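Some notes on the structure that comes next.
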Amino acid sequence: MTRKTASQHPSASARQAGGDGGFTWTRPHLLGLEDLSKEEILHIFRTAESFQEISTRSIKKVPALRGRVVVNLFFEDSTRTRTSFSLAAQRLSADVIDFAAARSSVTKGESLRDTVRNIEAMGVDVFVIRHPAGGAPHYITRCTNCHVINAGDGQHEHPTQGLIDIFTIRERKGRIEGLNVVIVGDISHSRVARSNLWGLNKLGANVTFVGPTTLVPRAFQEMGAKVTHDLDAALKDADVVNMLRIQRERMTSQVFPSTEEYVRLFGLTRERLKGTRPDLLILHPGPINRGVELASDVADGPNSSILRQVSNGLAIRMAVLYLVNQAGTAMPA
Amino acid sequence: MTRKTASQHPSASARQAGGDGGFTWTRPHLLGLEDLSKEEILHIFRTAESFQEISTRSIKKVPALRGRVVVNLFFEDSTRTRTSFSLAAQRLSADVIDFAAARSSVTKGESLRDTVRNIEAMGVDVFVIRHPAGGAPHYITRCTNCHVINAGDGQHEHPTQGLIDIFTIRERKGRIEGLNVVIVGDISHSRVARSNLWGLNKLGANVTFVGPTTLVPRAFQEMGAKVTHDLDAALKDADVVNMLRIQRERMTSQVFPSTEEYVRLFGLTRERLKGTRPDLLILHPGPINRGVELASDVADGPNSSILRQVSNGLAIRMAVLYLVNQAGTAMPA
Amino acid sequence: MTRKTASQHPSASARQAGGDGGFTWTRPHLLGLEDLSKEEILHIFRTAESFQEISTRSIKKVPALRGRVVVNLFFEDSTRTRTSFSLAAQRLSADVIDFAAARSSVTKGESLRDTVRNIEAMGVDVFVIRHPAGGAPHYITRCTNCHVINAGDGQHEHPTQGLIDIFTIRERKGRIEGLNVVIVGDISHSRVARSNLWGLNKLGANVTFVGPTTLVPRAFQEMGAKVTHDLDAALKDADVVNMLRIQRERMTSQVFPSTEEYVRLFGLTRERLKGTRPDLLILHPGPINRGVELASDVADGPNSSILRQVSNGLAIRMAVLYLVNQAGTAMPA
């Protein structure tokens, strides 16, 4: 895990063209966007841009992380996110191990610390961790010398999804500064909303959270977001709207009366788009509940960049995997 | 996914020795044997022959599909078929992702189209799909620019298994033209029987379907098969008998009275072999119910090529993976 | 699967420095330590030493088994052992297939022999098998020409774990000859205890088994171990203590009155360490029940080499995978 020289980067020339202003990445982990500086976020984006082209090649592979081992340590199931990280790691020539926590010694009562230290002792380099408890990835960094990437911790952060969303906005709009970004749904329980907010604020966007009062408490204003419960008003000046997935299990509870009511108040339909800017960019972190938070024709319409988010996910995750491996280890060995 | 030149084939010389008469493969997908021409089937066989030798090497790997990604998208569990495709892909140096549909966002209500388009957006090349609904692979070709290989769709087709069976017959008998091939079992529900029938008919064999009246309706005669319910009569002139697996769950229903009755009427035993040609070739697509459709000593006897089918499975699947990747994409990008 | 020459070893010079005295490995399988000679065990250790360094590299990969296929065939779940074998195989550049027996055609009633012969027919090289029945790996060697490595069979042997433990003792103590090794726990049901006993006896250590009378019958004396039920007495002259995991499900039965009682009589605590040698080496095959067989501060204390066992596990499994592949096939093809 020694520091590599810039010349080892698979497309050093592309990167210089992007111009990294001599920036040196030093973070061994990616835990959240709250911690990152604007410069660090932009450096991830430059690195992701240099990787985007690889996924369009017939031979989709560069040797950047050959002989490194990436461990997917998912305590919540997410085939899609896990697959995205696995493909990103393979594309950098790393080996990938899925450590299915649900069926492992974890179920025999082993502690998270013991699980992590045991896998580390087998000689691995990166943990990609998803965990129902906020802060679990931070705790793991104190147990191991390996790199740690947060793939979603409780209701806290999902930094790669936040980076994907912001990167896609920047790609489509050419900038982030000054944009009005509306995020709609169950903000209260959403790690995606939080990571978006931290990142967008740092890059100068204006973020508005929209949803039922039960799911968007006013307290979010202290984090730097505007809060409203009127979607049509919020969309009037919006440059971007990011529609969060509504968890069907919450729809049966008392947070809102019915699916029909939710669709009427907060669903994005073709009808509702009439009052918005023609170049409104529509995002969704997936998977979509078609007909609930997003009408099917809107999801597939010209303003939607939802599949582009998925493609950019590969480039962002390649960039993050590559950069943390450049940074050396977190603790003295 | 650009078209490769013939010189990239790992054993071009072997292939020229086989003589492909300048045939150019153009299909981006393999959906069924009903669609294929005789020439296409023979071209798959020539390609498979050129790959057979690789599996006997100590270094069982050629770089033909390096940097390509094959996704196993199995909506029905089949460890054996999935493993065969995975090994075939690895042997061509492709990366393989198992997208376990049962534990994925599919269970969160996502549509097949959304699942496929999301995985495609991650930058993959081939979907190997098994699905309980006949026609699902065809539907997928209309959702994606990736290559699609049908690994079994409902009661419709299982084209690689059909190719394996016919390839093994041709290897053992030296020809297909004019052979009498008897297929025994639950024809009514069997995609293997259908794929065999389409392929064998195109290559000039005479196919007879045998089984209980409840499982082999007369209507199959319109597809080009003889239909009978008398196994001994059918075996008299048979060159090949292909014994299908009887699903134990069907044996408890009213389609036939008992396992003993099925064995007596349609099981292949040493006793029953007495009335057959000494060089009768015995096939079974596996896994065998020993003592039900096939007696144990017959399965392991000199006329059986059952394990050879499994070995040929690798070569056939390597050939199909290789050829569809040669063909470019189905739709304009 | 032809025999390789010594020059193909990835660190031939390191090996000659170790001095293998011209020893030639001939075993195609690793079934248990009872069968091995002292010289064979020492040869595995020399090979493991030459592999240890690879896991500390940034590019943790040597091409020794490129193009070979290792199949994990686990009839009992063990994420940790399976992961260790998978990483070891990958580090030698082999391809790995997990054949999850629980979800395969095995559940459709297929015999172990048919399962193994079918996978073999796909062109694989090594079976790593875990099975609840003692002797299952030996049976498999009679069904296949592939190499077979026992990853735990019933209450019989777990040879790689035994090798890991003995290798770690030798690394820490510089020798095995004459050492007093105490193994504590449910000896009666432990394949780890048996493999340790066979190996340690061959290398000249004195082994003492300690545990409740219900879990350590006197009959083990005939296998070459001392048997006692007084842990403090056994620890007085011990150089090494190997604490076995207590299965929680056994704790509810009548073999001992309660967890508290077990901890009081057989748990290794800081208090109990006071009467022992200051350089007592503490081992545990993992995963640990902290606070049951081993107090948490003892597990993490200076005498513990528990994580070193995990690291050595990679080197031992790489050595075993490498050596059996050197040996050619078990039966004529």
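The values are calculated or read from the model by the stated rules, or taken from the named source; none is laboratory data. Computed from a predicted structure; not experimentally measured. Cβ: placed from backbone, ideal geometry, glycine included. Neighbour counts: every protein chain shown.
A few remarks follow.
- Of all residues in the stretch C:181-194, none satisfies being at pLDDT below 95, within 12 Å of another protein chain (Cβ to nearest Cβ), closer than 22 Å to C:Glu76 by Cα and part of a helix (DSSP H, G or I).
- Test: C:Glu76 is more than 12 Å from chain B (Cβ to nearest Cβ), in contact with a strand residue (DSSP E or B) (Cβ under 9 Å, 6 or more places away or on another chain) and of a type in the set (Asp, Glu): yes
- Scanning the stretch A:79-97 for residues that are in contact with a strand residue (DSSP E or B) (Cβ under 7 Å, 6 or more places away or on another chain) and more than 9 Å from chain B (Cβ to nearest Cβ) yields a count of 8.
- All positions within the stretch B:199-219 that are surrounded by fewer than 21 Cβ atoms within 10 Å (Cβ to Cβ) and either in contact with a His (Cβ under 6 Å, 6 or more places away or on another chain) or under 17 Å from B:Thr160 (Cα atoms) (or both): B:Asn201, B:Lys202, B:Leu203, B:Thr213
- The lone criterion from (1) part of a helix (DSSP H, G or I); (2) over 16 Å from the mean Cα position of the chain (by Cα); (3) modelled with pLDDT of 95 or more left unmet by C:Glu40 is number (2).
- Any chance B:Arg317 is charged (D, E, K, R), closer than 20 Å to B:Asn180 by Cβ and not in a strand (DSSP E or B): no
- Within the stretch B:31-62, restricting attention to residues that are small (Gly, Ala, Ser), within 14 Å of chain C (Cβ to nearest Cβ) and under 25 Å from C:Ser93 (Cβ atoms), the residue that is surrounded by the most Cβ atoms within 10 Å (Cβ to Cβ) is B:Ser55.
- Filtered residues of the stretch B:110-129 (kept if among the charged types (D, E, K, R) and without any contact (Cβ under 8 Å) to a residue 40 or more places away in the chain): B:Glu110, B:Arg113, B:Asp114, B:Arg117, B:Glu120
- Matching option when the condition is closer than 18 Å to C:Pro285 by Cβ and in contact with a strand residue (DSSP E or B) (Cβ under 9 Å, 6 or more places away or on another chain), among C:Val192, C:Val148: C:Val192
Yes/no per residue for (1) surrounded by 22 or more Cβ atoms within 10 Å (Cβ to Cβ); (2) out of contact with any helix residue (DSSP H, G or I) (no Cβ under 6 Å at 6 or more places or on another chain):
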{"site": "B:Ser111", "(1), (2)": "no, yes"}
{"site": "B:Asp125", "(1), (2)": "yes, yes"}
{"site": "B:His131", "(1), (2)": "yes, yes"}
{"site": "B:Pro137", "(1), (2)": "yes, yes"}
{"site": "B:Val148", "(1), (2)": "yes, no"}
{"site": "B:His156", "(1), (2)": "no, no"}
{"site": "B:Ile166", "(1), (2)": "yes, no"}
{"site": "B:Glu177", "(1), (2)": "no, yes"}
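- Residue within the stretch C:169-183 that is within 23 Å of C:Ser86 (Cβ to Cβ) and touching a Leu at 6+ places or on another chain (Cβ under 9 Å) present: no
- Residue in the stretch C:157-180 that is of a type outside the set (Asp, Glu), away from chain B (no Cβ under 14 Å) and in a strand (DSSP E or B) present: yes
- The selection criterion, being under 29 Å from B:Leu321 (Cα atoms) and assigned by TED's automatic domain parsing to the domain that holds B:Glu260, does not hold for B:Leu215.
- Residue in the stretch A:147-154 that is of a type outside the set (A, V, I, L, M, F, W, C), out of contact with any Gly (no Cβ under 7 Å at 6 or more places or on another chain) and within 14 Å of chain C (Cβ to nearest Cβ) present: yes
- Count - residues of the stretch B:75-115 that are at pLDDT 85 or above and of a type outside the set (S, T, N, Q): 19
- Residue list for the stretch C:228-238, filter: under 22 Å from C:Ser258 (Cα atoms) and buried (at least 18 other Cβ atoms within 10 Å of the Cβ): C:Leu231
- Matching residues, the stretch A:130-152, being in contact (Cβ under 8 Å) with a residue 12 or more places away in the chain and either outside the structural domain of A:Thr83 (by TED's automatic domain parsing) or assigned to a loop (DSSP other than H, G, I, E, B) (or both): A:Pro132, A:Ala133, A:Gly134, A:Gly135, A:Cys143, A:Thr144, A:Asn145, A:Cys146
- Comparison of A:Arg91, A:Arg80 shows that the only residue that is within 18 Å of the chain's Cα centre (by Cα) and not polar (S, T, N, Q) is A:Arg80.
- Taken residue by residue, the stretch A:89-97 has at least one member that is buried (at least 23 other Cβ atoms within 10 Å of the Cβ), in a helix (DSSP H, G or I), in the same structural domain as A:Ala133 (by TED's automatic domain parsing) and touching a residue at least 60 places away in the same chain (Cβ under 8 Å).
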